[in-house]
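Every number here is computed from the coordinates shown, using simple stated rules; none is lab data. Since the model is a prediction, treat every value here as computed from it, not as a measurement. Please note: Cβ atoms are built from the backbone with ideal geometry, for glycine as well, and neighbour counts cover all protein chains shown.
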Protein chains: 2
Amino acid sequence: MRTEISELGEFGLIKRLTEDIKLSQPTSIKGVGDDAAVIDNKDKQTLVTTDLLLEGIHFDLTYFPLKHLGYKAAIVNFSDIYAMNGIPQQITVSLGISKRFSVEDLEEFYSGVKLACLTYNVDIVGGDTTSSLTGFTISITCIGIADKQSLIYRNGAKDTDLICVSGDLGAAYMGLQLLEREKAVFAGQKDFNPDFAGKEYLLERQLKPEARRDVMEELKKLGIQPTSMIDISDGLSSDLLHICSQSNVGCRLFEERLPIDYQTAMMAESFHLNVSTVALNGGEDYELLFTVPLSFYEQIKIVPGIHVIGHITEANMESKFVTRDGHEMLLQAQGWNPIRE
Amino acid sequence: MRTEISELGEFGLIKRLTEDIKLSQPTSIKGVGDDAAVIDNKDKQTLVTTDLLLEGIHFDLTYFPLKHLGYKAAIVNFSDIYAMNGIPQQITVSLGISKRFSVEDLEEFYSGVKLACLTYNVDIVGGDTTSSLTGFTISITCIGIADKQSLIYRNGAKDTDLICVSGDLGAAYMGLQLLEREKAVFAGQKDFNPDFAGKEYLLERQLKPEARRDVMEELKKLGIQPTSMIDISDGLSSDLLHICSQSNVGCRLFEERLPIDYQTAMMAESFHLNVSTVALNGGEDYELLFTVPLSFYEQIKIVPGIHVIGHITEANMESKFVTRDGHEMLLQAQGWNPIRE
C-alpha cells in the first residue's frame, strides 16, 4: 500500500504521524501542535521551537543574500517564541553545506544570524555543521522562557473574542513575486541588479522580516493578555484556522478590515492578483495573530499597528470570510508551503 | 577572496564561525563546544543538542531501513545528552521529504523514532515537516536535564587521570563497509538480500546503535564521577583530542588496550584494513569516552564492559598513540564525516 503525501497534505501528514504520540515526562507540558513546545521548569517554562529551511523550497540563493538569509532563519524562530508570549534566549544553528560554498559565504550567513541574535538578545549555543551533496540546508532550534501564567496557546479563543493582527499582510509574498519576476527577466545575466525603487518595503518584508517583540511588550504594558495567539507564517487563513480548530470555535473575518500596505496593493494589481487573496494566503508575514476578550475593544482599537479584523464565534457557525459586499465564504487553509505535488 | 571549506576542515570551520560568539543571557551556562549546550534553570540545568542527517552523507537508503534510520537519528541525540551525564527528556523531529516518499515510508521512519523514545523514556514534542527537492533531510534536537553538580564537560580531564571507554570500537564502521560492499555487489538488482550470517553484530552496531544510559547508571551506583566525558561519534582519536584540547592536557593511548570485537577484527582483516585504525577512526560507536582520577583504578578496572585504554598527561607531553611495539605516534583527528573535498 502506498499513500501519496499529497493526498494528506502537510497538516494531514503531521496529524497522521503524530496523533498517537503520548507525553510521558511530567515536565512535558505541551507537545506537538503549537508555535513551540513547553517544558516545565518549576516557576518558569522552557519553550522549544525548530524550523528547517531547504534551498529551492524556502529560499533561492539567486536573489536571497546570505546575510539576509541568516537573519531571517533566526527571526522565524524568535517569532514562534514571541507567539507563545515567551522570550527567545538561545538558538542552535545546524547547516548542511555544499562544495560551492566558501568559508566567506558561511561567514556572511553567520553574520546575519549573529545580527539577529544581537538585536533580539539571543545566544547561539550550539549546532551541527555537515557537508551536503545537494542544496544548502538550515535547521535552527530556539529555546525560550516564559512565566507559567502568561503563556498563550492556540487553544484559548472564546466565542465573541476579537481577532486582532499586528502590522500589515501580504507584503512578504509580493516581495517574493517581485524577486521571482526579476530573476526570470535577468535569467542568465551575470549582474543581477534590477531597479527596485519604490518597492523597498516589499523587499524588506521578504528579505529582512522582524519578529514582533514590540507588540508583546505593548500589550503587556496595557495589561492585555490575549486568549490565543499564533504567528503568521503560513498565511492568515491557514493560521487563523489553527486557532479556530484548536480552540474549537468558528470565526468571522472581514475583508474590509484586512490591513494592507499601499505598495502591496499596487504590486498585486500589477500582477493581476486579488490583494485580499494575497493577504489571506501569502504567508511569511511573521505578524502576530491573536484574540482578546470583547471587553478590551475600546483599548485595543486605539493601539497603533494593531487591527481588529474579525471576531470568534461558536463552532457551529463555522469559519467564514466576509467579503466587502457581505458575502460569506468558508475560510480555507492554503499555506504558502504545502507539501508539493 | 574565497577560502575553500576544505582548507579549514570541519572543526576549523566551526571554530572560525563561532569563535567570536559571546554569551549574553545569564542562563546560558555553556554554549558551542561540548556534546550539548547547558541552560540554567535554578537547581536543574537544561541541556540542548541537535544533529542534522542528510541523505547521501550520513545514510544510504539503499540498505538503511527507514525504521532503523528513525531509531538511530533519535539515539545519536540521546547519546549526546548522556555524554553530559544528563537524562534526555524531549525531542523535536524536523524532516525534509521528497516526492518519492509515501506516507507509509514516513510512518516507518517515525515508528523507529517512537521506539527509541519509548525505550529511553523521551517525549516527541514538536518539529517541522517540509518538502525537499532533493534528498531526505532529518534534523533532531534533544532537550535533557541534569543536576548542576553532576554535569560532566569535556574540559575537566587532569594529568594522571585514566582514560576509559565503554563497549568496543570500530564495529559500526565495519558494518558500514560491509553494507557498502554488498550494495556494490547487488547493484541494479531489485531484491537486495545478501547473506549476513555471522556478521549480525556489525550490522546491528551500524543500523541499530544504542545510547549508553546503562554506563552512566552503573558509574553513579559505584559513586564514580568522571572528570570529563564525550560520546564517540566522530571516532576515538578525534573525540579524545576534543577532551585533550578542551582540558588543555595531553594523553597516552595504548593500542593493546583498544577493545575490539572478534567480528570487527575478522571483517577488518578481510578488507585488508588495520583494525587499530578502524577502532581509532571508524566513528559512530556511540560509546562513552571518559576520564576518571587515578585513585579509581581498582574500582573501574573490574566494571564489566569498561576498558581503561590510556591516561592523561600534562599538555607539553602531547597526545600520543602507543603501538604494541612501543612506538609513539601523534594522535590525529580523522573524523568519519569531514567536510568533503
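Suppose the chain between B:Asp43 and B:Leu61 were pulled fully straight at 0.36 nm per residue; how much longer would it get relative to their current alpha carbon spacing?
Stretched fully, the B:Asp43-B:Leu61 segment lengthens by 2.1 nm.
Taking 7 Å along the Cα-to-C-beta vector as the label spot, tell me the B:Ala184-A:Gln149 distance in nanometres, rounded to one decimal.
6.8
Test of understanding: what is the full-extension gain from B:Glu218 to B:Gln332, defined as 0.36 nm times their sequence separation minus their Cα-Cα distance?
37.9 nm
Scan segment A:136-209 for chymotrypsin sites (Phe, Trp or Tyr not before Pro) in coil per DSSP, keeping those whose Cβ has at most 16 other Cβ atoms within 10 Å, and list them by number.
Passing sites in segment A:136-209 are A:Phe186, A:Phe192, A:Phe196.
Please state, rounded to one decimal and in Å, the Kirkwood hydrodynamic radius that segment A:162-330 gives when every pair of distinct Cα atoms enters the mean of 1/r.
For segment A:162-330, inverting the mean 1/r across all distinct Cα pairs yields 16.9 Å.
In Å, what Rg and Dmax follow from the Cα atoms of segment A:244-334?
My reading of the Cα-based Rg and Dmax gives 14.1, 41 Å.
Excluding A:Ser228 itself, what net charge comes from residues whose Cβ is under 9 Å from its Cβ, given Lys and Arg +1 and Asp and Glu -1?
After counting each charged neighbour, the total is +1.
Treat each spin label as a single point 7 Å out from the Cα along the C-beta direction, and report the A:Asp325 to B:Ile302 distance in nm.
A separation of 9.1 nm, rounded to one decimal place.
How high is the relative contact order of segment A:211-341? Use alpha-carbon pairs under 8 Å, at least six apart in sequence, and give a whole percent.
Contact order relative to length: 41 percent.
A:Asn274 versus A:Lys99, label points 7 Å from Cα toward the beta carbon: distance in nm?
4.9
Give me the dipole magnitude in Debye, nearest 20, for segment B:46-199 about the Cα centre, with unit charges on the beta carbon: positive for Lys and Arg, negative for Asp and Glu.
80
Which number gives the lysine pairs in segment B:5-150 that have C-alpha atoms under 17 Å apart and are eight or more places apart or on different chains?
9
Under a Cβ-only charge scheme (Lys and Arg +1, Asp and Glu -1), can you give me the dipole magnitude of chain A about the Cα centre, in debye to the nearest 20?
Here chain A has a charge dipole of around 500 debye.
Run the count for segment A:162-330, please: Lys pairs, Cα-Cα under 21 angstrom, 8 or more apart or on different chains.
5
From the backbone phi of segment A:139-156, what are the Karplus-calculated ³J(HN,Hα) couplings (6.51 cos²θ - 1.76 cosθ + 1.60, θ = phi - 60°) in whole Hz, Gly and Pro given as x?
Couplings: 10, 10, 10, 10, 10, x, 9, 7, 6, 3, 7, 10, 4, 10, 9, 7, 9, x Hz.
Please find, in a Gaussian network model of chain A (springs between Cα atoms separated by less than 10 Å), the residue of A:Tyr82, A:Tyr262, A:Tyr71 whose mean-square fluctuation is greatest.
Among A:Tyr82, A:Tyr262, A:Tyr71, the largest GNM mean-square fluctuation belongs to A:Tyr262.
With an 8 Å cut-off on Cα pairs and a minimum separation of 6 or more residues, tell me the relative contact order of chain B in percent.
21
So what is the calculated 222 nm ellipticity per residue for chain B, using -39500 (n - 2.57) for each DSSP H run with n of 4 or more, over all residues, to the nearest 500 deg cm²/dmol?
About -10000 deg cm²/dmol.
Please give the net charge around A:Tyr63, taking every other residue with its beta carbon less than 12 angstrom from that of A:Tyr63, where Lys and Arg add +1 and Asp and Glu add -1.
-1
Viscosity 0.890 mPa s, temperature 25 °C: what is the translational diffusion coefficient of the protein assembly as shown from Stokes-Einstein with a Kirkwood Rh over Cα pairs, rounded to a whole number of µm²/s?
In µm²/s, the coefficient is 92.
Let me spell out the model: positive unit charges on the Cβ of Lys and Arg, negative unit charges on the Cβ of Asp and Glu, origin at the Cα centre of the protein assembly as shown. What dipole size does that give, in debye rounded to 20?
The dipole of the protein assembly as shown has a size of about 640 debye.
Got a sec? Charge dipole of the protein assembly as shown, +1 on Cβ for Lys and Arg, -1 for Asp and Glu; which of A:Gly235, B:Leu52, A:Val165 is way out at the positive end?
Value computed over the given set: A:Val165.
When chain B is treated as a GNM, springs tying every alpha-carbon pair under 10 Å, which of B:Thr323, B:Thr277, B:Thr134 comes out with the largest mean-square fluctuation?
Between B:Thr323, B:Thr277, B:Thr134, it is B:Thr134 that shows the largest mean-square fluctuation.
Taking a label point 7 Å out from Cα toward Cβ, give me the nm distances from B:Gly9 to the same spot in the other copies, shortest first, one decimal.
Taking the point 7 Å beyond Cα along Cα→Cβ, the inter-copy spacings are 5.1 nm.
For chain B, with a Gaussian network of springs between Cα atoms less than 10 Å apart, report the residue from B:Gln189, B:Gln206, B:Gln225 with the top mean-square fluctuation.
Highest fluctuation among the options: B:Gln189.
Counting only other chains, what is the mean number of Cβ atoms within 10 angstrom of the Cβ of each residue in peptide B:17-24?
Taking the mean over all residues of the peptide, I get 6.
Shortest first and in nm to one decimal, what separations exist between B:Pro293 and its copies in the other chains, measuring from label points 7 Å along the Cα-to-beta-carbon line?
Result, one decimal in nm: 6.0.
Taking the Kirkwood radius as the inverse of the mean 1/r across Cα pairs, report the Rg/Rh of chain A.
0.96
Can you list, shortest first and in nm, the gaps between the label point of B:Ser98 and those of its counterparts in the other copies, using a point 7 Å from Cα in the C-beta direction?
1.2
For q = 0.14, 0.17, 0.21 Å⁻¹, what log10 I(q)/I(0) does segment B:5-150 give under the Debye formula with an equal point scatterer on each alpha carbon and no solvent?
Per q value, in the given order, log10 I(q)/I(0) is -0.76, -1.02, -1.26.
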